[in-house]
Amino acid sequence: MVQKDSLYVVMGLLDADSIAYAIGREIQRGGGRVVYTVQNDRLKRVFFDRSDRLTPEEKAALTIEFCDVTRDAEVRDLFCRVGPVAGVVHSIAFANPKTCLGDDLYTEALDDLKTAFHISCASLATVAHYARPHMPGGGAVVALSFESRKAFPFYNWMGVNKAALEALVRALARQYGRQLMRVNAISAGPLTTRAAKAIPHYAHLARTWRKLSPLPWDPLEDKLAVAHAAAFLLGPYSKKITGQVLYVDGGASVVGGNLLPQERPHGADEIAALVEQGLSLSPE
Ligand SMILES: NC(=O)c1ccc[n+]([C@@H]2O[C@H](COP(=O)([O-])OP(=O)(O)OC[C@H]3O[C@@H](n4cnc5c(N)ncnc54)[C@H](O)[C@@H]3O)[C@@H](O)[C@H]2O)c1
């Protein structure tokens, strides 16, 4: 679905479980070329150390650049270095779990709130600003969001940032439309990654999805479904789509209340058992 031989920058690689990695692989499967970004040199080493399920050859074949999105010069230099790109994926978020994802929304740690907003939301505008001159045909930007119209326990300030991110996607779509650059977001269901595990009671969130999602939702395997949607939004088949939030969440966002037992999807219990086993999710 992506443009063959075109270059895509996929930002936010931490390990082989990252959504960024799933999206990058899907782009490559579709014939695109990928430059991944990690935040810094230390995290590149973390990637190589942690991604056990990749062979040394697979690791060596990856093109990985550094880019801390809070540093304008790094974002600018990244796009100058990599040359013309057809699309960019912003798969980046951070909030200090102690101050931003606790029991209480009230916090005196305003610097932490600013950092969370800078990394998880405002940096999308920085990325769009510096990417645009290097997207000759217009290009596409895709950000990753999580259901922001509902309040989930402990998701607190990250939920607020996701709502802001989605508003920013619409504003950027408006600004860049005349230059043919499209900006969209994917709102994904819970997927087991490093960032997800940092959310207090992530297990509760993953279990909640089983009660809400009319389609079976697998937090381990459904990164691929998210990657398919990203490839669609990056490629020519979504040419007239911009400013949208595409929900890839098994349909959980549209149901009111928990599913009745007879509405639960076939296979949900088997997925649940595998997920619990594989992740040793902590009890609720
Ligand atoms: N995992 C989920 O359940 C889920 C669901 C919906 C949306 N998302 C979103 O998907 C995106 C990717 O998260 P993930 O789950 O793959 O986790 P992840 O931990 O693999 O990725 C988060 C990435 O953000 C990077 N990052 C943090 N601060 C940065 C900075 N200053 N500069 C550059 N990079 C920085 C981290 O290094 C990491 O690579 C995030 O926006 C997340 O909110 C995740």
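The values are calculated or read from the model by the stated rules, or taken from the named source; none is laboratory data. Here the structure is a predicted model, which means the values were calculated and not measured. Cβ: placed from backbone, ideal geometry, glycine included. Neighbour counts: every protein chain shown.
I'd like to know if the range 72-89 contains one or more residues that are of a type in the set (A, V, I, L, M), part of a helix (DSSP H, G or I) and loosely packed, with under 15 Cβ neighbours inside 10 Å. So far as the range 72-89 goes, yes, one or more of its residues are of a type in the set (A, V, I, L, M), part of a helix (DSSP H, G or I) and loosely packed, with under 15 Cβ neighbours inside 10 Å. The residue that is surrounded by the fewest Cβ atoms within 10 Å (Cβ to Cβ), among those in the range 1-55 that are at pLDDT 95 or above and among the hydroxyl-bearing types (Ser, Thr, Tyr), is 6.
I need the helices (runs of 4 or more DSSP H) fully contained in the range 166-284, keeping only those with at least 2 residues that are closer than 30 Å to residue 9 by Cβ and either small (Gly, Ala, Ser) or touching a Lys or Arg at 6+ places or on another chain (Cβ under 9 Å) (or both).
Details: elements: 194-197, 202-212, 223-234, 268-279.
The helices (runs of 4 or more DSSP H) meeting that bar are 194-197, 223-234.
When residue 166 is tested against (1) within 16 Å of the ligand (Cβ to nearest atom); (2) surrounded by fewer than 17 Cβ atoms within 10 Å (Cβ to Cβ), only condition (2) is not met. Of the residues 94, 47, the single one that is out of contact with any strand residue (DSSP E or B) (no Cβ under 8 Å at 6 or more places or on another chain) and either in a loop (DSSP other than H, G, I, E, B) or within 12 Å of the ligand (Cβ to nearest atom) (or both) is 94. Within the range 136-158, residues that are over 25 Å from residue 235 (Cβ atoms) and within 12 Å of the ligand (Cβ to nearest atom) sit with their Cβ atoms under 7 Å from residues that are basic (Lys, Arg) and at pLDDT 95 or above, at 6+ positions apart or across chains, in these pairs: 148/162.
Among the residues in the range 6-14, are any within 11 Å of the ligand (Cβ to nearest atom) and out of contact with any Phe, Trp or Tyr (no Cβ under 7 Å at 6 or more places or on another chain)? Yes, there is a match, as at least one residue in the range 6-14 is within 11 Å of the ligand (Cβ to nearest atom) and out of contact with any Phe, Trp or Tyr (no Cβ under 7 Å at 6 or more places or on another chain). Of the numbered criteria (1) closer than 21 Å to residue 197 by Cα; (2) charged (D, E, K, R); (3) touching a residue at least 60 places away in the same chain (Cβ under 8 Å), the one residue 44 fails is (3). When residue 158 is tested against the conditions (1) surrounded by fewer than 16 Cβ atoms within 10 Å (Cβ to Cβ); (2) in a helix (DSSP H, G or I); (3) aliphatic (A, V, I, L, M), the lone failure is (1). Whether a residue is modelled with pLDDT under 95, of a type outside the set (A, V, I, L, M, F, W, C), more than 13 Å from the ligand (Cβ to nearest atom) and surrounded by fewer than 22 Cβ atoms within 10 Å (Cβ to Cβ) was assessed, and residue 197 does not pass this test.
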